[in-house]
Amino acid sequence: MRVSIDTLPGGANPNEDWVAGTPALAVVLDGLSTAGLATGCRHGVPWYVAQLGGQLVAALAEPDRSLSSALADALERVAGLHPECDLGNPGTPSATVAVLRHRHGVLDHLVLADSPIVFDGPHGYSMITDLRVDDVLPEMRAEVERHETHTPGHREALQRFVLAQRQVRNTQEGYWVASARPEAAEHALTGTTPLGEASSAAVMSDGVSRLVTEYQMATWSDVFATLRSGGPRELIKAVRKVEATDPTGRRWPRYKSGDDAAIAFCQW
């Protein structure tokens, strides 16, 4: 498997996305925004995703290990790296996870939360993603989206929304992400695709996939054509060009003018 990767921050703040690729593995993590709220952790989200990504790649050095078992182990190991932090804080650093692994003629996948994996196959494009977060607190989400970005009203509504999300994060009533609890790995979507059913795949954060899913300014065919001709950096540039036409979120209401973006393009 050939994997090309790239990631760029959405603005001036540090990048909270993380991506890695090996000849058999692609991993994308999308750190959850804290909206400026306390987390109980002195390290921060960029540190967390870097540690989790490294631990996850190491845990998957054994090719026959299950993806969910490796993720659970990585979560436990990262928690052990900062025991002095308040890991019981509902805002403790957390992230979405998307993993694609090439093994014995098949493609194993794991998706936890809304960072998708898209396959380009002989019968078209198929997307694997976990959108349970979209069903949580829809009224508060709509309140955030009523405000333009970079306004006090938007910031206040977003903080109220994030505080409420934290109360249902990693619960049966809410949605699951990677944070400090290894059992979150049990709630990931996992599966296997025969290698012959896909000619390539893109593992990405929603900062990239929104070009198709939210902005509707490209098709998956356009995305894969860009990846083949210009690679991941060119695709991220295409997202940024679209966002630059709507800097305050009037056309496409959102949490940030530009979200962090990460992508791993896999071919075999």
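The values are calculated or read from the model by the stated rules, or taken from the named source; none is laboratory data. Given the structure is predicted, the values throughout are model-derived calculations rather than measurements. Every residue, glycine among them, receives a Cβ derived from its backbone with ideal geometry; neighbour counts consider all protein chains shown.
Some points to look at:
- Close Cβ contacts (under 8 Å, 6 or more residues apart or on different chains) running from residues in the range 219-247 that are without any contact (Cβ under 8 Å) to a residue 12 or more places away in the chain and under 14 Å from Ser257 (Cα atoms) to residues that are in a loop (DSSP other than H, G, I, E, B) and of a type outside the set (Gly, Ala, Ser) comprise Thr245/Arg251; Asp246/Trp252.
- Taking the criterion of being on the phi > 0 side of the Ramachandran plot and either under 17 Å from the mean Cα position of the chain (by Cα) or outside any loop (DSSP other than H, G, I, E, B) (or both), the only residue of the range 227-265 that qualifies is Gly231.
- Index of the failed condition, His150 passing every other in (1) modelled with pLDDT under 95; (2) outside any helix (DSSP H, G or I); (3) closer than 29 Å to Gln51 by Cβ: (3)
- Test result for Gln172, surrounded by fewer than 14 Cβ atoms within 10 Å (Cβ to Cβ) and at pLDDT below 95: yes
- Selection over the range 126-163 of residues that are of a type in the set (Ser, Thr, Tyr), buried (at least 16 other Cβ atoms within 10 Å of the Cβ) and either farther than 16 Å from Thr213 by Cβ or over 19 Å from the mean Cα position of the chain (by Cα) (or both) gives a count of 1.
- Residue in the range 204-212 that is of a type in the set (A, V, I, L, M, F, W, C), surrounded by fewer than 22 Cβ atoms within 10 Å (Cβ to Cβ) and free of Cβ contacts under 8 Å to residues at least 60 places away in the same chain present: yes
- Verdict on Ala157 being of a type in the set (A, V, I, L, M) and farther than 26 Å from Leu52 by Cα: yes
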